[in-house]
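First comes the structure, then the notes that go with it.
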Amino acid sequence: MSGRLVGKVALVTGGARGIGNAICRALALEGAAVVVTDVIVDEGRVLVDQLASSGHKAVFHRQDVTSEPGWDEIFEIAGAALGPINIVVNNAGIAIPGSIEDQTFEAWRKTMAVNLDAVFLGTRAAVRSMKQRGGAIINVSSIEGIVGNPHVPAYNASKGGVRLLTKSAALHCARSGYPIRINSLHPGYVATPLVIDALPLLPDDFGAQALARTPMGRFGETDEIARAVVFLASDDSSYMTGAELIIDGGYTA
């Protein structure tokens, strides 16, 4: 690694496992101090201990990303522990399968709360905090925010919302003269606990179909997504804002 993020402080939601875990490790390897938040406390603390034992600065805090007061609190706690935050990765997310006919309103609202409301809260808190000193915000959407899937209408809607929320916020910051870049990341099918747990619940052998529709012939790896986050967080992407970066093995091509 090249140390592209030395002196930066990064906040990663949903950082305990899967893509979030890989993102935390990749940011730390590039020199960033990392604030890991999640509701999965044990795995989050294990990750932070591993990072610390490797010489990286990292802290863990339990965070319910749907709690508005919690966002102000996490910026205060993180600032006191590691310094002002420069990078925010809104990564936390859930998927509850169900067609438009059988999806419950409770499942719809829960999905929206975690996948979209929390990204709004996190982006707003980050902009308010970073508008003087600058920074980068990466909102993790999905290819499901670009193409439809009949088995996850709530997930589709929430991730599509993240895509356009990102563009709106990016335009606001650019036109306000804030030195903040905001971009969305759209992974395809990646072998994470979220995907592995969801695929057996989907009908029509969906996992095999998704793999067959992926030109590269395989699911992605978490490290491949994490490296893209490092790119968006660093000065390597200094002329990018309001963009959507798709990493899907060619699925949407």
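The values are calculated or read from the model by the stated rules, or taken from the named source; none is laboratory data. The shown structure was predicted, so the numbers you read here are calculated from the model rather than taken from an experiment. So basically every Cβ, Gly included, is an ideal-geometry build from the backbone, and we count neighbours across all protein chains shown. Just the protein is used for accessible areas: all its heavy atoms, side chains included, with ligands, DNA and RNA removed. Shrake-Rupley method; radii C 1.70, N 1.55, O 1.52, S 1.80 Å.
Would you confirm whether or not the range 52-69 contains a residue that is more than 30 Å from SER158 (Cα to Cα), at pLDDT below 95 and part of a helix (DSSP H, G or I)? Lay out the reasoning, then the answer.
Let us first name the residues in the range 52-69 that are more than 30 Å from SER158 (Cα to Cα), namely 52-57.
Retained after the next criterion (residues that are at pLDDT below 95): none.
No, there is no match, as no residue in the range 52-69 is more than 30 Å from SER158 (Cα to Cα), at pLDDT below 95 and part of a helix (DSSP H, G or I).
If I ask for residues that are assigned to a loop (DSSP other than H, G, I, E, B) and more than 16 Å from GLY160 (Cα to Cα), which ones from the range 230-247 would you list?
So in the range 230-247, the residues assigned to a loop (DSSP other than H, G, I, E, B) come out as 234, 238-243.
Listed by number, the residues that qualify are SER234, SER238, TYR239, MET240, THR241.
Within the range 200-249, count every residue that is farther than 22 Å from ALA22 by Cα, in contact with a Lys or Arg (Cβ under 7 Å, 6 or more places away or on another chain) and among the polar types (S, T, N, Q).
Selection size over the range 200-249: 1.
A quick yes/no check of all residues on (1) modelled with pLDDT under 95; (2) within 30 Å of ARG4 (Cα to Cα); (3) assigned to a helix (DSSP H, G or I):
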| position | (1), (2), (3) |
| --- | --- |
| TYR155 | no, no, yes |
| SER158 | no, no, yes |
| LEU165 | no, yes, yes |
| LEU211 | yes, no, yes |
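Out of all the residues in the range 168-200, which are assigned to a helix (DSSP H, G or I), over 30 Å from ARG218 (Cα atoms) and in contact (Cβ under 8 Å) with a residue 24 or more places away in the chain?
Taking the range 168-200 first, the residues assigned to a helix (DSSP H, G or I) are 168-176, 193-200.
Those left that are additionally over 30 Å from ARG218 (Cα atoms): 168-176.
Passing the criteria: ALA169, ALA170, LEU171, HIS172, CYS173, ALA174, SER176.
Would you mind stating whether ILE19 is open to solvent by 10 Å² or more (accessible area, probe 1.4 Å) and outside any helix (DSSP H, G or I)? Break it down into steps so the answer makes sense when it comes.
Working: open to solvent by 10 Å² or more (accessible area, probe 1.4 Å): yes; outside any helix (DSSP H, G or I): no.
Here the answer is no, as ILE19 does not meet what is asked.
Take VAL46 and tell me if it is crowded, with 22+ Cβ neighbours inside 10 Å and not in a loop (DSSP other than H, G, I, E, B). First the steps, then the outcome.
On the way: crowded, with 22+ Cβ neighbours inside 10 Å: no; not in a loop (DSSP other than H, G, I, E, B): yes.
The answer is no for VAL46.
Residue-by-condition table, conditions (1) in contact (Cβ under 8 Å) with a residue 12 or more places away in the chain; (2) under 20 Å from the mean Cα position of the chain (by Cα); (3) open to solvent by 40 Å² or more (accessible area, probe 1.4 Å); (4) on the phi > 0 side of the Ramachandran plot:
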| position | (1), (2), (3), (4) |
| --- | --- |
| LEU51 | yes, yes, no, no |
| HIS61 | yes, yes, yes, no |
| ASP64 | yes, yes, yes, no |
| ALA80 | no, no, yes, no |
| VAL89 | yes, yes, no, no |
| ALA95 | yes, yes, no, no |
| ARG128 | no, yes, yes, no |
| GLY134 | yes, yes, no, yes |
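Taking the range 97-116, which residues are outside any loop (DSSP other than H, G, I, E, B), surrounded by fewer than 19 Cβ atoms within 10 Å (Cβ to Cβ) and hydrophobic (A, V, I, L, M, F, W, C)?
Taking the range 97-116 and keeping what is outside any loop (DSSP other than H, G, I, E, B), we get 105-116.
So of that shortlist, the ones also surrounded by fewer than 19 Cβ atoms within 10 Å (Cβ to Cβ) come out as 105-110, 112-113.
Result: PHE105, ALA107, TRP108, MET112, ALA113.
Can you tell me how many residues within the range 66-78 are surrounded by fewer than 19 Cβ atoms within 10 Å (Cβ to Cβ) and touching a strand residue (DSSP E or B) at 6+ places or on another chain (Cβ under 8 Å)?
Within the range 66-78, residues that are surrounded by fewer than 19 Cβ atoms within 10 Å (Cβ to Cβ) and touching a strand residue (DSSP E or B) at 6+ places or on another chain (Cβ under 8 Å) number 1.
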